[in-house]
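Trainee: Have a look at the structure that comes next, please.
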Amino acid sequence: MLAARRDCRGGNPLFLCDGVDLGPATISYSLNGEPLAPGALPVHAGVYTVTASFAGNADSTSSTITTTLTIPKATPTLTVNAPLQYHKPDYTNATATVNG
């Protein structure tokens with residue numbers, strides 16, 4: 001099985017064949033046909049095209065894999081903090097926080 005792997009610590013991408021390291025790979029991403037900057041990783045919502053290329057070595061021919069990566073939109077959570085007012089409704093101290 002041929003696979004491309006990128007180290008989660010930001011190391012160089014590698015091509016593996018049945019778990020054996022074949023050497024460095026080039027992995028690139030694009031969104032809506034526009035390539036991301038070299039070394040940039042997808043972080044925003046969208047459907048990305050991922051292309052991994054291996055130049056080949058003394059034992060293996062070159063190879064390219066293309067697939068898609070989907071990052072869904074986040075679902076925001078709205079939290080409102082309105083202090084309880086006993087005498088009159090005064091919401092000047094109310095706060096709102098949006099996450100996601």
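Trainee: Only residues that are of a type in the set (A, V, I, L, M, F, W, C), part of a strand (DSSP E or B) and under 13 Å from SER30 (Cα atoms): list them for the range 45-70, please.
Mentor: First pass over the range 45-70, keeping only residues of a type in the set (A, V, I, L, M, F, W, C): 45, 47, 50, 52, 54-55, 58, 65, 69.
Then keep just the ones that are part of a strand (DSSP E or B); that gives 47, 50, 52, 54, 65, 69.
Selection gives VAL47, VAL50, ALA52, LEU69.
Trainee: Checking PRO42 against (1) surrounded by 10 or more Cβ atoms within 10 Å (Cβ to Cβ); (2) part of a strand (DSSP E or B); (3) of a type outside the set (D, E, K, R), only one condition comes out false. Which one?
Mentor: Going through the list (1) surrounded by 10 or more Cβ atoms within 10 Å (Cβ to Cβ); (2) part of a strand (DSSP E or B); (3) of a type outside the set (D, E, K, R), PRO42 breaks only (2).
Read-outs throughout are calculated quantities, based only on the coordinates presented, and are distinct from any laboratory measurement. Source: prediction; values computed, not measured. Methodologically, a virtual Cβ is constructed for each residue, glycine included, from the backbone with ideal geometry; neighbour enumeration extends over all protein chains shown.
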